[in-house]
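Could you have a look at this structure, given as structure tokens, before my questions?
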């Protein structure tokens, strides 16, 4: 399922409580995400994508751009 980048950015912003997010923003450093925030983000993305996201994929998420690339991958 293809999710438009704008929708992914909105999901990230809502789940991390940010007013706006940029592609280069670091989830932890710039957006202040903690492990619970990342879990909620992954759950929201899985719900929207209709598929699960593996632990290795989650561990590799550092920036908003990483999230966009993850969502764009064929599943």
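Values quoted throughout were computed directly from the atomic coordinates according to the rules given, and no laboratory measurement underlies them. Keep in mind the model is a prediction, meaning the values are calculated, not measured. Please note: Cβ atoms are built from the backbone with ideal geometry, for glycine as well, and neighbour counts cover all protein chains shown.
If I model a spin label at residue 60 and residue 43 as a point 7 Å from the Cα along the Cα→Cβ vector, what separation in nanometres do I get?
Distance between label points: 2.5 nm.
Something else now. Using R₀ = 25 Å, calculate the FRET efficiency as 1/(1 + (r/R₀)^6) where r is the Cβ-Cβ separation of residue 3 and residue 36; round to 0.05.
Result of the calculation: an efficiency of 0.65.
Restricting to Cα atoms and excluding each atom paired with itself, what does the Kirkwood estimate give for the chain in Å?
Result for the chain, one decimal place: 12.1 Å.
Any idea what the relative contact order of the chain is, in percent, if you count C-alpha pairs under 8 Å spaced at least 6 apart?
Once normalised by length, the contact order is 43 percent.
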